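Undergrad: Pasting a structure here, questions to come.
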Amino acid sequence: MDRFKPEAISNVRHLFFTGKGGVGKTSMACATAVALADQGRKVLIVSTDPASNLQDVFGVKLENKPTEVKEVLNLYAANLDPEQAAKDYREKMVGPYRGKLPEAAIKSMEEQLSGACTVEIAAFDEFTKLLTDRDMMAQFDHIIFDTAPTGHTLRLLQLPSAWTDFLATNESGASCLGPLAGLEDKKSLYAKAVEALANNKETLLILVSRPDKSALLEAARAGRELSQIGINNQQMIINGLFERQSHDELAMVFEKKQKGALEEMPSFLHSVPTYYLPLVPFNVTGIEALRDVFKAVNKQELIEVDAHIEELCPLTDLVTDLEVNGQGVMMTMGKGGVGKTTIAAAIALELARRGHKVHLTTTDPADHLSHVLHDKSELIGELNVSRIDPEVEVARYKHHVLEEAGTDLTEEELAYMKEDLESPCTEEIAVFRAFANVVAEAEDSFVIIDTAPTGHTLLLLDAAESFHREVERSSGDLPEPVKALLPKLRDPNNTFVTLVTLPEATPVYEASRLQDDLQRAGITPFAWIINQSLQVSKTTDPILKGRAVSEHRWISKVDKELSSRTALVPWQKEHVVGEQQLKNLLMLSEV
């Protein structure tokens with residue numbers, strides 16, 4: 001496996017970086033953009049991620065149009081903000097009718113355009129306009145897309161065909177997207193976008209992964225699904241490959257763990273050209289750090305320093321605090337790849353061990369919970385484990401809506417309803433209803449919810465205020481659990497939102513933005529958990545010690561600026577799989 005060199009891809013115009021959350025997509029995309037610009041190439045880097053931290057890495061305020069990065073000649077950056085795009089789209093659709101139509105009609109239009117589908121289609125419109133703007137493209141030698149985490153990326157890249165199919169078959173004239181007349185003229189743009197993405201001579205998809213089992217599985221899944229929609233020109237970067245500098249025990253375990261994951265790499269990835277970049281002993285934030293990513297680290301350049309150890313509460317203390325009311329809903333949230341599933345499972349098991357009735361569930365389409373629990377037959381106490389499966393919930397929801405409609409519908413009305421249920425919004429509504437039903441169970445027990453990565457989590461929370469209008473429009477009723485959901489989420493005695501992060505820049509920034517969004521919705525997080533910290537490991541390896549030192553800034557920021565209750569969980573030598581490993585996680589957090 002060769003080391004990745006940006007000049008090796010300098011002949012490709014469109015570069016897409018994608019992969020599981022937390023693997024370093026943004027760092028890789030930004031470092032590549034800087035390297036190509038330093039070679040004299042004119043480069044535009046664009047984020048299509050709803051939770052983008054592109055401007056954090058560059059330290060520049062970005063908009064949805066190219067902005068010059070003044071510290072790097074030839075480099076421009078843009079951030080496609082889907083929330084702002086959705087606002088602009090709504091006003092474009094509704095604005096011309098204000099003062100001309102009755103207020104009730106205006107309100108109805110706004111309600112139709114209030115769902116998450118509008119955010120997605122508006123963001124994709126921005127993405128499509130950029131990708132198909134020949135004049136814009138002609139200004140740059142390279143367009144680099146720092147895409148969202150894998151699930152969102154797949155949805156984003158599949159939108160052209162998904163929405164085109166929906167528009168082609170829906171003859172009713174309206175949907176959750178609003179009046180279809182406003183979208184009809186987009187079909188040719190979608191076709192051009194798909195054509196550009198599938199052009200192997202101009203487009204390269206770079207799967208970014210860590211030498212970690214779950215990240216490699218996600219990379220393989222993304223690669224396969226993207227290949228199925230015609231995007232076959234793929235490469236992979238294994239980011240953060242540890243090059244051991246000592247005989248330190250933890251360093252040898254770290255190295256062995258990574259090698260084991262690479263040896264078990266999914267078969268699909270064997271056919272993908274693969275490169276690596278070493279683990280660096282510093283935070284990849286700022287221009288100079290981005291340039292250093294591609295430089296070899298000299299052992300003599302590593303500074304021997306002592307990593308300061310923060311004194312924070314262990315995970316078991318948080319469980320004790322949760323016990324006070326004897327029941328409630330706890331949700332782990334944060335950037336993908338930070339360990340939400342592991343933390344949720346460990347807390348659920350500990351509550352069950354202490355004699356509480358516990359329901360542990362996941363709303364994550366990837367269902368990482370099954371992997372972490374491993375053998376459910378060994379689970380202790382009154383612990384019920386379930387999964388909200390999007391496919392199952394969609395089928396159940398469609399059946400419910402059609403059954404509620406009865407047999408009095410005309411053939412044309414029934415056709416309209418079936419067509420409307422083919423909308424991509426249907427999955428979000430179906431999952432949301434199941435989510436509300438699970439939360440409603442927390443009357444005399446604990447419900448622990450392992451949520452999906454940040455973007456999906458926000459969609460679920462946003463559902464309480466925006467999707468209920470779509471539910472009412474689609475099915476004519478609003479179930480009691482749905483009505484009661486947001487008040488429950490806002491009740492600090494009922495809901496305990498726990499933000500999980502790593503002691504690194506990107507996860508902390510994203511969790512901070514999530515906290516801001518939650519607080520605007522009237523939800524105050526219960527605690528922050530900083531996972532996989534090297535600070536308490538007492539490692540003597542210079543690379544790992546450098547990582548431990550770099551953690552201090554982010555641990556301190558969380559503890560002193562962002563959270564009123566913070567727990568620190570040490571880096572785990574073994575993969576946390578099964579009941580015993582989850583118990584060990586709680587015990588180690590007390591060290």
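The values are calculated or read from the model by the stated rules, or taken from the named source; none is laboratory data. The structure presented is a predicted model; accordingly, all values stated were derived computationally and were not measured. Cβ placement follows ideal geometry from the backbone for every residue including glycine, while neighbour counts extend to all protein chains displayed. Protein only, heavy atoms only, side chains kept; ligands, DNA and RNA dropped before computing areas. Shrake-Rupley method; radii C 1.70, N 1.55, O 1.52, S 1.80 Å.
Undergrad: Do you know which residues across the stretch 71-87 are open to solvent by 40 Å² or more (accessible area, probe 1.4 Å) and modelled with pLDDT of 80 or more? Write out each step before concluding.
TA: Filtering the stretch 71-87 for residues open to solvent by 40 Å² or more (accessible area, probe 1.4 Å) gives 71, 73-74, 76, 81, 83-84, 87.
Result: GLU71, LEU73, ASN74, TYR76.
Undergrad: Moving to a separate point now. Take the residues of the stretch 256-276 that are in a helix (DSSP H, G or I) and either in contact with a Phe, Trp or Tyr (Cβ under 8 Å, 6 or more places away or on another chain) or of a type in the set (D, E, K, R) (or both): which is surrounded by the fewest Cβ atoms within 10 Å (Cβ to Cβ)? Please lay out each step first, then the result.
TA: Within the stretch 256-276, the subset in a helix (DSSP H, G or I) is 256-263, 267-271.
In the following step, the residues that additionally are either in contact with a Phe, Trp or Tyr (Cβ under 8 Å, 6 or more places away or on another chain) or of a type in the set (D, E, K, R) (or both) were identified as 256-259, 263.
Details: LYS256: 13, LYS257: 17, GLN258: 20, LYS259: 13, GLU263: 7.
Out of the qualifying residues, it is GLU263.
Undergrad: Next question, about the same structure. Limited to the stretch 29-70, what total is found for residues that are in a loop (DSSP other than H, G, I, E, B), modelled with pLDDT of 90 or more and more than 18 Å from ALA289 (Cβ to Cβ)? Spell out how you get there, then give the answer.
TA: As a first pass, look at the stretch 29-70 and keep what is in a loop (DSSP other than H, G, I, E, B): 39-42, 48-53, 59-66, 69-70.
Next, from what is left, pick out any that are modelled with pLDDT of 90 or more: 39-42, 69.
Of the ones still in play, those that are also more than 18 Å from ALA289 (Cβ to Cβ) are 39-42.
Residues flagged as in a loop (DSSP other than H, G, I, E, B), modelled with pLDDT of 90 or more and more than 18 Å from ALA289 (Cβ to Cβ) within the stretch 29-70 amount to 4.
Undergrad: Tell me which residues, restricted to the stretch 215-255, are in a helix (DSSP H, G or I), under 25 Å from ASP541 (Cα atoms) and either in contact with a strand residue (DSSP E or B) (Cβ under 9 Å, 6 or more places away or on another chain) or not charged (D, E, K, R) (or both). So that I can check it myself, show each step before the final result.
TA: Step one: of the stretch 215-255, the residues in a helix (DSSP H, G or I) are 215-228, 249-255.
Right, trim to under 25 Å from ASP541 (Cα atoms) and you get 215, 249-255.
Passing the criteria: ALA215, LEU250, ALA251, MET252, VAL253, PHE254.
Undergrad: For the stretch 410-436, name all the residues that are more than 30 Å from ASP450 (Cβ to Cβ) and modelled with pLDDT under 70.
TA: Step one: of the stretch 410-436, the residues more than 30 Å from ASP450 (Cβ to Cβ) are 410-420.
If the condition is that a residue be more than 30 Å from ASP450 (Cβ to Cβ) and modelled with pLDDT under 70, then GLU412, GLU413, ALA415, TYR416, MET417, GLU419, ASP420 are the ones that fit.
Undergrad: A further question on this structure: Just to be sure before I move on: is THR501 under 22 Å from LYS335 (Cα atoms), at pLDDT below 80 and under 20 Å from the mean Cα position of the chain (by Cα) in the structure I sent? Please lay out each step first, then the result.
TA: Working: under 22 Å from LYS335 (Cα atoms): yes; at pLDDT below 80: no; under 20 Å from the mean Cα position of the chain (by Cα): yes.
So THR501 does not fit the description; no.
Undergrad: Same structure, new question: Could you tell me which residue of the stretch 261-281 is modelled with the highest pLDDT, considering only residues that are farther than 17 Å from ILE237 by Cβ and touching a Lys or Arg at 6+ places or on another chain (Cβ under 8 Å)? Even if it seems obvious, please write down each step before you answer.
TA: Going residue by residue through the stretch 261-281, those that are farther than 17 Å from ILE237 by Cβ are 263-264, 267, 281.
So of that shortlist, the ones also touching a Lys or Arg at 6+ places or on another chain (Cβ under 8 Å) come out as 264, 281.
Working: GLU264: 94, PRO281: 85.
Among them, the one singled out is GLU264.
Undergrad: Quick one: in the stretch 536-550, which of the residues that are open to solvent by less than 10 Å² (accessible area, probe 1.4 Å) and in a helix (DSSP H, G or I) is nearest to LEU315 (Cα to Cα)?
TA: ALA548
Undergrad: Among the residues of the stretch 508-535, which ones are open to solvent by less than 10 Å² (accessible area, probe 1.4 Å), among the polar types (S, T, N, Q) and touching a Phe, Trp or Tyr at 6+ places or on another chain (Cβ under 7 Å)?
TA: Listed by number, the list holds a single entry, SER533.
Undergrad: Same structure again: How many of the residues making up the stretch 52-70 are closer than 20 Å to VAL284 by Cβ, open to solvent by less than 40 Å² (accessible area, probe 1.4 Å) and not hydrophobic (A, V, I, L, M, F, W, C)?
TA: The number of residues fulfilling the criteria is 3.
Undergrad: Can I ask one more? For the stretch 327-348, enumerate the residues that are in contact with a Lys or Arg (Cβ under 6 Å, 6 or more places away or on another chain) and open to solvent by 10 Å² or more (accessible area, probe 1.4 Å).
TA: Once the filter is applied, which keeps residues that are in contact with a Lys or Arg (Cβ under 6 Å, 6 or more places away or on another chain) and open to solvent by 10 Å² or more (accessible area, probe 1.4 Å), the stretch 327-348 yields only GLY337.
Undergrad: Suppose we filter the stretch 240-255 for residues that are aliphatic (A, V, I, L, M), open to solvent by 20 Å² or more (accessible area, probe 1.4 Å) and in contact (Cβ under 8 Å) with a residue 24 or more places away in the chain; how many remain?
TA: To start, the set of residues in the stretch 240-255 that are aliphatic (A, V, I, L, M) comprises 241, 250-253.
If we keep only those that are open to solvent by 20 Å² or more (accessible area, probe 1.4 Å) too, we end up with 241, 252-253.
Remaining after also requiring in contact (Cβ under 8 Å) with a residue 24 or more places away in the chain: 241, 253.
Going through the stretch 240-255 one residue at a time, the tally reaches 2.
Undergrad: Could you pull out the residue among LEU315, LEU351, LEU369 that is touching a strand residue (DSSP E or B) at 6+ places or on another chain (Cβ under 9 Å), open to solvent by less than 10 Å² (accessible area, probe 1.4 Å) and either on the phi > 0 side of the Ramachandran plot or modelled with pLDDT of 90 or more (or both)?
TA: Numbers: LEU315 fails: either on the phi > 0 side of the Ramachandran plot or modelled with pLDDT of 90 or more (or both); LEU369 fails: either on the phi > 0 side of the Ramachandran plot or modelled with pLDDT of 90 or more (or both).
Exactly one residue qualifies, and that residue is LEU351.
Undergrad: So, of the residues in the stretch 17-38 that are open to solvent by 10 Å² or more (accessible area, probe 1.4 Å) and more than 17 Å from the chain's Cα centre (by Cα), which turns out to be farthest from ILE237 (Cα to Cα)?
TA: Taking the candidates together, the pick is ASP38.
Undergrad: So, in the stretch 481-507, of the ones that are outside any helix (DSSP H, G or I) and either small (Gly, Ala, Ser) or open to solvent by 10 Å² or more (accessible area, probe 1.4 Å) (or both), which residue ends up farthest from VAL438 (Cα to Cα)? Full working, then the answer.
TA: If we filter the stretch 481-507 for residues that are outside any helix (DSSP H, G or I), which is where we start, we get 491-504.
Keeping just the survivors that are either small (Gly, Ala, Ser) or open to solvent by 10 Å² or more (accessible area, probe 1.4 Å) (or both) gives 491-494, 496, 502, 504.
On the way: ASP491: 16, PRO492: 18, ASN493: 17, ASN494: 13, PHE496: 15, LEU502: 28, GLU504: 32 Å.
Once the filter is applied, the top-ranked residue is GLU504.
Undergrad: Only one residue in ILE237, ILE206, ILE231 is closer than 17 Å to THR128 by Cα, at pLDDT 75 or above and surrounded by 15 or more Cβ atoms within 10 Å (Cβ to Cβ), so which one is that?
TA: On the way: ILE237 fails: closer than 17 Å to THR128 by Cα; ILE206 fails: closer than 17 Å to THR128 by Cα.
Within the list ILE237, ILE206, ILE231, the selection yields ILE231.
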